[in-house]
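These notes concern the structure reproduced below.
The values are calculated or read from the model by the stated rules, or taken from the named source; none is laboratory data. Predicted model, so just to flag it, every value in this text is computed and none were measured. Glycine gets a Cβ as well: all are built from the backbone with ideal geometry, and neighbour counts include every protein chain shown.
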Amino acid sequence: MRSRYQVHQPNCAYFITATIVKWLPVFTSTACCDVVVRALEHYRQHNALKIYAWVILDNQVHAILSAPDLSAVLRELKSYIAREILEQLQREGRDWLLNQLSSHRGAQKPNDFQVWQEDSNPQVISDEATMLQKLEDIHNNPVKRGWVAAPAHWRYSSAHAWLGGAPPLLRCDHWR
């Protein structure tokens, strides 16, 4: 792994991207998106995770996060979400997607499925300009994809917490 994509500074905020293997559209149901929201809140309460911004797209999650040991928290969080997502996909009867997640698992994977690509590409947020640029990128993702006209129109985003509008699904922590 390249050193620029490693968490070296504990408690610093990092922009992360967690992508579904082969960019498969896992987060197309409310229930699957709610898995991520509940998991983030759980890890905030029990693992000292701070959440500054987030968005759930059809095949990835972007967030700005920090924790005393962010690498360990991300590893546990992605594993937890993967287990919950697989159960949800089974309940929804999305066998075609489960088959894809099974066929794309890495040879080193002992499990029957692989949900996430291997890396989260953490990028440290070292100053306010970088934080504002990443916030804008996160919140404008659904707009760029043509799904909504304005960031606050996307339900599964922290834009509500930052820009107002509907009550946010997940509270955001204050940066610095």
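Miscellaneous remarks
- Hits in the stretch 47-59 - residues which are surrounded by fewer than 20 Cβ atoms within 10 Å (Cβ to Cβ) and either modelled with pLDDT of 95 or more or at positive phi (or both): A48, K50, D58, N59
- Test for P142: is it buried (at least 16 other Cβ atoms within 10 Å of the Cβ) and at pLDDT 95 or above: yes
- If you check A129, A159 for being surrounded by fewer than 19 Cβ atoms within 10 Å (Cβ to Cβ) and either farther than 23 Å from A67 by Cβ or hydrophobic (A, V, I, L, M, F, W, C) (or both), only one passes: A129.
- Note on the stretch 113-162: among residues that are of a type in the set (D, E) and assigned to a helix (DSSP H, G or I), the one that is farthest from S29 (Cα to Cα) is E128.
- Hits in the stretch 8-67 (condition: more than 15 Å from I138 (Cβ to Cβ), among the β-branched types (V, I, T) and either without any contact (Cβ under 8 Å) to a residue 40 or more places away in the chain or part of a strand (DSSP E or B) (or both)): I20, T28, T30
- Residues of the stretch 72-108 that turn out to be farther than 26 Å from H42 by Cβ and part of a helix (DSSP H, G or I), as a count: 6
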